Each structure stands twice: as C-alpha cells, then as structure tokens.
Amino acid sequence: MVSFIIVNYKQKKLLKECICSAFSNFRSYPFEIIIVNNSTEEDLLELKSSVDSNFNLRIINNENTGYSKANNLGAEKAKGKYILFLNPDTLIENDFLKQLVNHFENIKFGAIGLKVMYPDGTFQVSFGKEISVLNEYRNKKIERLYSQGKLRKIYKLEKKYKTVRKVDWVSGVALFIRKKVFEEVNGFDENYFLYYEDADLCKRLKNKGYENYFYPFSKIVHYKGEITNKEFFNNVYNRFKESQSFYYKKHKSFLQRLLVKLHRKIKN
C-alpha cells in the first residue's frame with residue numbers, strides 16, 4: 001500500500017480537486033489518503049462525502065506548527081509500506097503507482113521526486129544538484145525560464161530527464177519514499193517550519209548511503225502557490241530566509257554561510 005500524506009493550509013477547494021483526481025486515476029495499486037489539516041477553521045469532513053465510501057480517506061485536525069511536523073504526524077499514522085508526500089495544490093492525471101513501485105522495488109533508494117507540470121503542461125523543475133550558493137543561483141535561473149517564456153530551453157531540460165535519473169534533492173511537492181527509510185532518518189527535521197525540509201531530508205538520506213531519483217513517468221499538475229492565500233504569501237519570504245539559514249548552518253561550511261548572507265544583502 002502507498003500512503004498519501006497531504007497537508008492542508010487554507011486550500012480546501014484545491015484539496016478537494018486533488019483527492020478526487022487521485023481516486024479517479026489510481027486503480028492499479030492499493031493506497032490510502034491521510035489529510036493533515038493545519039487550518040482547523042476549515043471543516044474538511046464534507047470531503048468524505050465527495051468520494052466513494054470504499055476509498056480510504058482519513059482526516060487529522062492539527063494545530064499549525066509547521067509543514068514538517070504535519071507531514072511527520074501523517075507518516076506516523078500511515079499504514080502503507082510506501083509514503084507519497086503530496087501538495088494539496090496538485091492534480092493527478094495518470095495512474096503511475098504500480099509502475100513506480102515495480103521499478104524501485106529492488107532498488108535501494110532514498111527519496112523519489114515525481115514529474116510535475118505547470119497548469120499549461122509545461123515541465124516544472126522539481127529536483128536539483130546539492131544545495132550551495134552557486135547551485136541555488138542556477139536553480140533560480142532555471143525556474144525563471146518559465147516566467148520569461150523561454151519554453152524551448154525548458155523543453156530541452158525535459159528531454160534530458162525523460163528517463164529515471166539520480167539527483168541530489170527532490171521537491172516535497174510529490175515525494176515518494178519507503179516508510180521504514182523515512183523513519184530510519186527520523187523523518188523531516190521539524191526545525192524547518194516551511195521550505196528546505198525536502199532538501200534537508202535528501203541530504204541526510206545521501207549521508208546514509210541512499211540515492212535520490214527523479215521519476216519522469218507521472219503526470220501531476222502543480223499550481224505552485226499561484227493561488228496561495230495572501231496572509232500566507234506575506235510570510236513566505238521570512239520563512240524562506242529562516243529555513244535557508246538553518247540549512248546552511250546545519251550542512252554547509254562557514255564560507256558558504258557567509259556567501260549566502262552576502263547574497264541576501266545584495267538582493268535587498
């Protein structure tokens with residue numbers, strides 16, 4: 001069984017579309033969905049009535065103490081051999097579960113990042129090289145290709161990653177992992193409220209001897225926060241800086257920590 005863990009924060013409408021897309025597409029392999037509701041003012045019980053009663057859907061109401069803690073809570077309750085952490089602002093468009101499990105069943109893997117796309121079908125980069133000041137700059141440059149309309153370059157990158165490939169880190173937007181491996185590294189580091197928790201997990205997995213992979217045969221639409229509520233958006237940059245600083249303090253050299261501080265000052 002695969003246990004889907006979805007953390008909700010004020011995205012009820014998108015969440016409903018997300019779980020309905022999962023129940024509509026996945027037929028080849030058993031799964032359950034666990035929703036950790038970090039915005040308890042939203043009543044999610046009606047979601048159960050929107051799906052077939054035969055499907056396994058659980059809702060856990062939770063005080064919002066961060067994305068990492070919420071995912072860890074969901075993972076504790078998971079019954080599956082595998083866990084798929086999934087953002088609520090996503091839509092599943094194909095049935096890839098059995099193929100995914102079969103491909104990696106006999107491989108020692110850490111985290112697997114699934115292929116995601118922008119709403120118009122354009123490839124969305126959800127993986128990268130090990131976090132450093134230089135590589136973060138490169139990653140941001142790649143991300144800007146979409147907003148700059150440089151779709152030819154994005155298409156070339158998509159072609160390059162049309163097969164399963166080893167990567168250093170993968171995004172938590174759609175992250176697949178064995179539950180026992182997730183538990184072996186003590187899950188997400190709860191010092192990260194939001195951001196960098198996925199890169200940190202991948203770093204610790206690599207330190208344990210596990211390889212991380214990108215899997216290109218899923219079709220998942222990701223809205224990438226384009227409809228995130230304003231209150232959340234206003235706090236994003238501060239959360240990003242906090243998490244970035246903690247990651248560099250935990251994993252990088254003094255020189256790298258100094259460079260990232262200088263880079264922030266230049267930007268500001």
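Laboratory data are not the source of any read-out in this text; all were calculated from the coordinates shown. Remember, it's a predicted structure, so these values are computed and weren't measured experimentally. Don't worry about glycine lacking a Cβ; one is built from the backbone with ideal geometry, like all the others, and counts go over all protein chains shown.
Here are some notes:
- Alpha-carbon Rg with Dmax, taken over the chain, Å: 18.0, 55
- Divided by 2.2 N^0.38 Å, where N counts the residues, the Cα radius of gyration of segment 1-142 comes to 1.11.
- Among residues other than residue 251 with Cβ under 12 Å from its Cβ, the summed charge is +3 (Lys and Arg +1, Asp and Glu -1).
- Loop-located GluC sites (Glu not before Pro) in segment 116-164 (DSSP state other than H, G, I, E, B) with a sparse environment of at most 14 neighbouring Cβ atoms within 10 Å: 130.
- For residue 31, residues with placed amide H under 5 Å, excluding near neighbours: 2
- Shape class for segment 92-140: oblate, because the ratio a/c of the largest to smallest gyration tensor axis (alpha-carbon atoms, square roots of eigenvalues) is 1.5 or more and b/c is at least a/b.
- At R0 = 41 Å, FRET efficiency that the Cβ-Cβ distance of residue 137 and residue 20 yields, to 0.05: 0.60
- Violating pairs (Cα-Cα greater than 26 angstrom) within the set 166/219; 69/150; 98/162: 69/150
- Computed FRET value (nearest 0.05) for residue 55 with residue 106, which takes r as the C-beta separation and R₀ as 25 Å: 0.30
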